[in-house]
């Protein structure tokens, strides 16, 4: 009877909602990591798009098997504020909330494919597999890198395509794996959301986008005249564009005119973002925003090493919580993300953008110069994506 009671208590603890303070702490840590990652990948220049949330979630899965200094580096790099016992339930609960209840179709599409792929026969520990299964609904898959490298690559790519509903293809390019590969972290994400108030395609017209003081390009500019949350101060002009259902929003951050984007980027901190969002007030605004599509792919190995966790990718890694031995390290980690921003969410909603008359002209939000955009979960504050549009004409990246 006592063992049964203990089992019931354990089950209740496993399914109990995370403490609100713990959740807030994890979200804040995720936001700091989001800006760290953004600054690292923006160094390549041009347009940028990535999902720090997805990367952080995948590395939380890895942390379940990390020990010693390797674990400490991951914790510091990702700004995880909790012990592992408290962290995994919180990250798992946030992931479930972000993805939505599978029995209630959310008003947006968000498909992620996070997994660890290990060499066949490595004898992974039950405790590691259980954490990933219970909290992340994902886990570790066995493939044979040593004897069938190309088959392993094909298997991983096919799985990623299936998990992202065929939106993310060929995540791992040829040549990235070899017979010495022992552990690979895959991380892919696809998002598509319908605007709460779609832009009318009939109002889209060619206009100037000022890439720099010396370069101007002509791009399709969308226009909307309606009520949105907005703010402005001496550093930034901010706009909240909600997606259908209002669970998620795109936050567009525009530097003041004649101010280069990097001046705004230096001010991207959790405290500033929270203050900017709190300062946003609803009001009528005339919005001008370019259409753009960005597809980004880059190696996380060098980026995360520079951010403070090189041990996980070295032969000195301690991932003994995965196999019980110090015989694994992360050989490669690849991230791929896609976003498409245009006028319509659904065809039926396109005709609902009816403006109303006022006696005074409303303020304008004109994104005709480089800007930062964030896709944020309004329910818990999680930053799902971070990106920058430097030139809408060159919006697809290899």
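Readers should treat all values here as calculations from the given coordinates under stated rules, not as data from a laboratory. If you're wondering where the values come from, they're calculated on a predicted model, not measured in any experiment. A quick note on method: Cβ atoms are made from the backbone with ideal geometry, for glycine too, and the neighbour counts reach across all protein chains shown.
Ranked by Cβ crowding within 10 angstrom, fewest neighbours first, how are 61, 180, 250, 280 ordered?
Working: 61 24, 180 10, 250 20, 280 17.
Starting with the residue having the fewest Cβ neighbours, the order is 180, 280, 250, 61.
With a point put 7 Å past each Cα toward its Cβ, work out how far residue 210 is from residue 326 in nm, to one decimal.
Between residue 210 and residue 326, the label points sit 5.7 nm apart.
If you count, for each residue, the other Cβ atoms within 10 Å and average over each peptide, how do 317-323, 92-98 line up from highest to lowest? Can you show the working numbers first?
Working: 317-323: 22.3, 92-98: 19.1.
So the peptides 317-323, 92-98, ranked by packing, come out 317-323, 92-98.
Given Cα pairs under 8 Å that are at least 6 residues apart, what percent is the relative contact order of the chain? Mind showing how you got there, number by number?
On the way: 805 pairs, mean separation 96.5, N = 398.
The value is 24 percent.
Name all residues of the range 108-135 having a backbone nitrogen under 20 Å from the label point set 7 Å from the Cα of residue 146 along its Cα→Cβ direction, giving them as ranges.
Label zone hits: 116-126.
Note the listed values (1) 1.32; (2) 0.99; (3) 0.94, then indicate which one is Rg/Rh (Cα atoms, Kirkwood Rh) calculated from this particular structure.
Of the listed options (1) 1.32; (2) 0.99; (3) 0.94, (2) comes from this structure.
Debye calculation, C-alpha points only, no solvent: report log10 I(q)/I(0) for the range 199-254 at q = 0.14, 0.23 Å⁻¹, in the same order as the q values.
The Debye formula, applied to the Cα set alone, gives -0.54, -1.11.
Just to compare against my own numbers: the Cα pair-distance distribution for the range 89-132, 5 Å bins, whole % per bin, please.
It works out to 5, 15, 20, 20, 14, 13, 8, 4, 0, in whole percents.
I want to check the label-to-label distance for residue 165 and residue 43. Put each point 7 Å from Cα in the C-beta direction and report it in nm to one decimal.
3.6 nm
Remind me, what semi-axes does the range 222-347 give for its equivalent ellipsoid, largest first in whole Å, using sqrt of 5 times each Cα gyration tensor eigenvalue? Present the calculation step by step, with values, prior to reporting the outcome.
Values: eigenvalues 308, 71, 42 Å².
In descending order, the three semi-axes are 39, 19, 15 Å.
Nearest 10 degrees is fine. How inclined is helix 270-279 to the longest principal axis of the chain, computing both from alpha carbons?
Roughly 40 degrees, rounded to the nearest 10.
Given a Förster radius of 22 Å and the C-beta distance between residue 267 and residue 28 as r, what FRET efficiency does 1/(1 + (r/R0)^6) yield to the nearest 0.05? Walk me through the numbers before you get to the answer.
Details: r = 17 Å, r/R0 = 0.77.
FRET efficiency, residue 267 to residue 28: 0.85.
Could you give the angle, 0 to 90 degrees to the nearest 10, between helix 20-41's Cα long axis and the longest principal axis of the Cα atoms of the chain?
With both axes taken from Cα atoms, the answer is about 80 degrees.
Rounded to the nearest 0.05, what FRET efficiency do residue 101 and residue 274 give with R0 = 25 Å and r taken as the Cβ-Cβ distance? Could you check?
Working: r = 27 Å, r/R0 = 1.09.
With a Förster radius of 25 Å, E is 0.35.
In terms of the ratio Rg/(2.2 N^0.38 Å) built on C-alpha atoms, what value belongs to the range 79-155?
Values: Rg = 15.6 Å, N = 77, 2.2 N^0.38 = 11.5 Å.
Taking N as the residue count of the range 79-155, the ratio is 1.36.
Taking the number of other C-beta atoms within 10 Å as the exposure measure, put 249, 56, 122 in order starting with the fewest. List each step's numbers first, then the result.
On the way: 249 22, 56 25, 122 17.
Result, fewest neighbours first: 122, 249, 56.
Compactness ratio of the range 11-151: Cα Rg over 2.2 N^0.38 Å, N = residue count? Don't skip to the end; give the middle numbers.
Details: Rg = 16.4 Å, N = 141, 2.2 N^0.38 = 14.4 Å.
So the Cα radius of gyration is 1.14 times the expected 2.2 N^0.38 Å.
Taking the Cβ of each residue in 281, 306, 167 as the centre, tally the other Cβ atoms inside 10 Å and list the residues starting with the fewest.
281, 306, 167
Could you give the angle, 0 to 90 degrees to the nearest 10, between helix 68-78's Cα long axis and the longest principal axis of the Cα atoms of the chain?
Here the helix axis deviates by roughly 10 degrees.
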